């Protein structure tokens, strides 16, 4: 499969790591392990710069723990933008670092605008080789984007994806409680709005189908119900799903099953807080603070095993 | 009207400057005036840092030109993100600078995510006092956001807006060619999808209605047709419209009329390229390069006059 095609690269990495599990990096200072905090304790006044440094150190360790076990990491830029431009610089460094240690990177940026402005977002958030002055030359392998503008907001990202062998995951059916307010408005043909979006995304991805049969244009599909995922899968046979929110957002593994084919291809499942903050769980209370990395790795391997067994059962 | 309420402040500024025109700042290096480029000429190889410095200088001058004449500036972050974190830092400095010279600032960031992540975006992109280490203490007065997630993606922004007297403009009906692919899907009740979004936005803004009768929760409504704007206005009597794309995106002034009440309140009209790049128009060829600021001010004043006369005619 082509190394210059995002979907092909992603499926190859899934086969090599033997899992569609990816780690979502949503670091929050307040949840960091005590051993990483500036002064080894919580509750003291620390500067924004110290907080950001701790978030960077934690994130780097998460990447190091994840690299041998999963094909990709999803880094959510919101948790870095909260520190302003300094945080964005850390995000950029982490994208580079993840790539350096062999992880595919999904930049969870959820950008969207029209034509010329979308082209700026695509250059700034997806393309490689755009910040030579500041020492970061690499964009993520894929980004999440919002479909609300129609193809005008998507085309500039498609162009970068085609030129640089990169990918997109376009928001389709999200897993949050109020997602239905817009996404499930019933259309005149009786179907929910998101099924119209599904057809659009499948079509937008047609030109980027790789040797694997899957397109580099994916869709974000929450693990809301197995029925919804099956319905979406029928409308989008060539689209890789990014299924977020396993665990924390209430999705269940068996609901994800209709996304996959017999070879275990068709989706990546992202778990974030349940893995990266596993050391905060009750069973780790009293364990030495620097044992947090072991808790994270254990949670990752447990989730990976669960997914493996559910996919094989099928 | 309350100084701690975004809509009240905006309408007061509109009355003071006698126009609902706002300037959209979408700076592109390739379009900058020759007198601002690093070496006074175009076409030579310049570093990203030099480009960004030129964009910053140009943007600062645009703000200075605009400040006496218009109530607000809309700064589109995409044109700064294209320079990575260094660009984001310039964006933050420009937000502060605009506020310092008396302009209200709309941060055109079009962010959206769910719950906890949206809260990070709201802190990082709208709230004040969040980057003390890097010398920028002020967020914009308002930001644009995307409604695709429903209220979950909006609530954290509402919270910051309520606490800090700030505002939102939520994407509703955009003016790009493909906007209809999703926004105009016909719902089961025969209405286009965007009319459902209109009702949601009006409702989301209910708690933030100020002394003016308008809410700090606005909506982005393209100047696509006067009929569409009238239809949307009927569904959202308390919502301020942000009408982008006058000129460059093909909207016409008379189409905007139904957005306004008899006092000239109800919308801000954003013009970007037709003002900030006015010096590139044919009539300015041969004029000395450093006369570009005069061309920009002329275009701004001409547009302001046109809007004034159309609004008064009504």
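Miscellaneous remarks
- Every condition in (1) within 14 Å of chain B (Cβ to nearest Cβ); (2) touching a helix residue (DSSP H, G or I) at 6+ places or on another chain (Cβ under 9 Å); (3) touching a residue at least 12 places away in the same chain (Cβ under 8 Å) holds for residue A:85 except the one numbered (3).
- Scanning region B:273-287 for residues that are touching a residue at least 40 places away in the same chain (Cβ under 8 Å) and either within 17 Å of the chain's Cα centre (by Cα) or assigned to a loop (DSSP other than H, G, I, E, B) (or both) gives B:273, B:275, B:276, B:277.
- Per the listing B:254, B:270, the residue uniquely crowded, with 23+ Cβ neighbours inside 10 Å and outside any loop (DSSP other than H, G, I, E, B) is B:270.
- Unique match (being over 20 Å from residue B:241 (Cβ atoms) and part of a loop (DSSP other than H, G, I, E, B)) among B:152, B:113: B:113
- Matching entry among B:78, B:67, B:122, B:118 (being under 23 Å from residue B:301 (Cβ atoms) and modelled with pLDDT of 95 or more): B:67
- Residue B:153 meets the conditions (1) surrounded by fewer than 24 Cβ atoms within 10 Å (Cβ to Cβ); (2) over 16 Å from residue B:216 (Cα atoms); (3) at the interface with another protein chain (Cβ under 10 Å from one of its Cβ atoms); (4) touching a helix residue (DSSP H, G or I) at 6+ places or on another chain (Cβ under 6 Å) in every case but one. The failed one is (1).
- Count of residues meeting criterion [surrounded by fewer than 22 Cβ atoms within 10 Å (Cβ to Cβ) and not in a helix (DSSP H, G or I)] in region B:156-168: 1
- Conditions (1) at the interface with another protein chain (Cβ under 7 Å from one of its Cβ atoms); (2) farther than 28 Å from residue A:256 by Cβ: number failed by residue A:138: (1)
- Number of positions in region B:244-265 that are in contact with a helix residue (DSSP H, G or I) (Cβ under 8 Å, 6 or more places away or on another chain) and touching a residue at least 60 places away in the same chain (Cβ under 8 Å): 3
- Given (1) free of Cβ contacts under 8 Å to residues at least 40 places away in the same chain; (2) in a helix (DSSP H, G or I); (3) more than 17 Å from the chain's Cα centre (by Cα), index of the condition residue B:228 fails: (1)
- Residue in region A:289-309 that is more than 19 Å from the chain's Cα centre (by Cα), surrounded by 11 or more Cβ atoms within 10 Å (Cβ to Cβ) and not in a helix (DSSP H, G or I) present: no
- Of all residues in region A:94-115, those that are within 11 Å of chain B (Cβ to nearest Cβ), modelled with pLDDT of 95 or more and over 17 Å from the mean Cα position of the chain (by Cα) total 1.
- Candidate set: region B:169-188, residues that are more than 14 Å from residue A:182 (Cα to Cα) and assigned to a loop (DSSP other than H, G, I, E, B); chosen: the one nearest to the other protein chains (Cβ to nearest Cβ): B:176
- Residue within region B:15-29 that is in contact with a strand residue (DSSP E or B) (Cβ under 6 Å, 6 or more places away or on another chain), at positive phi and not in a loop (DSSP other than H, G, I, E, B) present: no
- Residue match in region A:68-75 (condition: closer than 20 Å to residue B:113 by Cα, away from chain B (no Cβ under 13 Å) and either in contact with a strand residue (DSSP E or B) (Cβ under 8 Å, 6 or more places away or on another chain) or in contact (Cβ under 8 Å) with a residue 12 or more places away in the chain (or both)): yes
The values are calculated or read from the model by the stated rules, or taken from the named source; none is laboratory data. As the structure is a computational prediction, the values presented were derived from the model and not from experiment. Quick reminder, even Gly has a Cβ in these numbers, built from the backbone with ideal geometry, and neighbours come from all protein chains shown.
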